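Structure first, then comments.
The values are calculated or read from the model by the stated rules, or taken from the named source; none is laboratory data. Quick caveat, the model's predicted, so the values are computed rather than measured. Note that each Cβ is placed from the backbone with ideal geometry, even for glycine, and that neighbours are counted across all protein chains shown.
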Amino acid sequence: MRKAAESAITDDLESTVKHRFYTFRCRQGPCKAATAENDKSLMYYNREDSDDKQDFMERCNARDLAKELLSEDENGVTTGEKAIPSSLLADRNITITRRISLDDSNDNQAMIEYDAEKDNKVIATLKTTLVPNAVHWCH
């Protein structure tokens, strides 16, 4: 049962949470809102103008992208606790809970925690920290 719970946790983390973090496009600066624009060039400063580049990097680094990402509930990926449905585990009385919170020291990071329980006993856990891919565009 533990392996099945771990598999369901990994599936949610990879296909839902990480997907959201890696494809997040914020509204301004180095990010794009529309999916159709995702593949366009991300050059937002003049390469020959070091002051322009430095200004861009300072504005970009001043943003709290994980906080922005989690402020919108998309596919259930937002701060708080959520029960994760799994048809594979329903008949085994296993429940999975996901908790997402911002890192206390860095609003560009989120803490993701999963617990799988059966009969009120924890049978599997996972904890990880994620950073939106958009954070890396600032450099």
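Taking the residues in region 71-81 that are surrounded by 11 or more Cβ atoms within 10 Å (Cβ to Cβ) and in contact with a helix residue (DSSP H, G or I) (Cβ under 8 Å, 6 or more places away or on another chain) as candidates, determine which candidate is nearest to Arg99 (Cα to Cα). In this case the residue turns out to be Thr79. Here is the figure for region 65-92: residues that are out of contact with any Lys or Arg (no Cβ under 6 Å at 6 or more places or on another chain) and either without any contact (Cβ under 8 Å) to a residue 40 or more places away in the chain or among the aliphatic types (A, V, I, L, M) (or both) total 17.
Do we find that Lys18 is under 17 Å from His136 (Cβ atoms) and modelled with pLDDT of 90 or more in this structure? Yes; evaluated as a whole, the condition is true for this residue. Number of residues in region 79-110 that are in a strand (DSSP E or B) and at positive phi equals 1.
Okay, residues lined up against (1) surrounded by fewer than 16 Cβ atoms within 10 Å (Cβ to Cβ); (2) closer than 25 Å to Ala4 by Cα; (3) at pLDDT below 90:
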| residue | (1), (2), (3) |
| --- | --- |
| Asp55 | yes, no, yes |
| Arg59 | yes, no, yes |
| Leu69 | no, no, yes |
| Ala83 | yes, yes, no |
